[in-house]
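Novice: Would you mind keeping the following structure in view while I ask a few things?
The values are calculated or read from the model by the stated rules, or taken from the named source; none is laboratory data. Everything numeric here is computed off the predicted structure, so don't read it as measured data. Every residue, glycine among them, receives a Cβ derived from its backbone with ideal geometry; neighbour counts consider all protein chains shown. Please note that ligands, DNA and RNA were not included when accessible areas were found on the heavy atoms of the full protein model with its side chains. Shrake-Rupley method; radii C 1.70, N 1.55, O 1.52, S 1.80 Å.
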Amino acid sequence: MINSLDAYLVLSALLFAIGTFGFLARRNAISMLMSIELMLNAVNLAIVAFGAFIPGLAVDASVIAIIVMAVAAAEATVGLAIVIAIFRNRRTPLVDEYDAMRR
């Protein structure tokens, strides 16, 4: 069993990198929102790992992780509502087409 802070931080960095790549490489707005959620989960993993391995941060890390989860839920709700509203008007989930709204 892995009992090292480094292993959790490497996994967290890997998840964050995958999320960043997914956000930058995708054109679909829903995929971009999922990539942002993956990045937020990677941050949560790092926070919980620090809380588990540093005794003084145990309670604070849990509170911060819950706050990050609340922010992630709010971001997903607002982001999906915006995507649905734009999809109803433009009939496309592609982000490249959203700049046409100015016309």
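Novice: Round to the nearest 10 and give me the degree value, 0 to 90, for the angle of helix 58-90's Cα axis relative to the longest principal axis of the chain.
Specialist: With rounding to tens, the tilt is 10 degrees.
Novice: Out of (i) 13.6; (ii) 14.5; (iii) 15.3, which label holds the value of Kirkwood radius over Cα pairs in Å that was computed here?
Specialist: (iii)
Novice: Compute the relative contact order of the chain as a whole-number percentage, counting only Cα pairs closer than 8 Å that sit 6 or more residues apart in sequence.
Specialist: Worked out over the chain, it gives 26 percent.
Novice: In addition: By how many nm would the segment from A52 to R91 grow when fully extended, if each residue of separation counts as 0.36 nm and the alpha-carbon distance is taken off?
Specialist: On the way: separation 39, 0.36 × 39 = 14.04 nm, distance 4.63 nm.
Fully extending the segment from A52 to R91 adds 9.4 nm.
Novice: Okay, next question. Work out, step by step, the length gained on full extension between N3 and L24: first 0.36 nm times the residue separation, then minus their alpha carbon distance; give nm to one decimal. List each step's numbers first, then the result.
Specialist: On the way: separation 21, 0.36 × 21 = 7.56 nm, distance 3.30 nm.
Computed gain between N3 and L24 is 4.3 nm.
Novice: Right, something else. How much length would be gained if the chain were fully extended between E37 and I84, taking 0.36 nm per residue of separation minus their Cα-Cα distance, in nm to one decimal?
Specialist: Fully extending the segment from E37 to I84 adds 15.2 nm.
Novice: Now, a different point. Using +1 at the Cβ of each Lys and Arg and -1 at the Cβ of each Asp and Glu in the chain, identify which of L11, I54, I84 lies farthest towards the dipole's positive end.
Specialist: I84
Novice: Give the residue list of trypsin sites (Lys or Arg not before Pro) in segment 1-97 that are DSSP loop and have at most 10 other beta-carbon atoms within 10 angstrom.
Specialist: Those satisfying the criteria are R91.
Novice: Find the accessible area per residue for the chain; the probe is 1.4 Å, ligands and nucleic acids are left out, and the unit is Å².
Specialist: Accessible area per residue, the chain: 69 Å².
Novice: Considering only protein heavy atoms and a probe of 1.4 Å, how much of the accessible area of the chain is carbon and sulfur, as a whole percent?
Specialist: 71 percent
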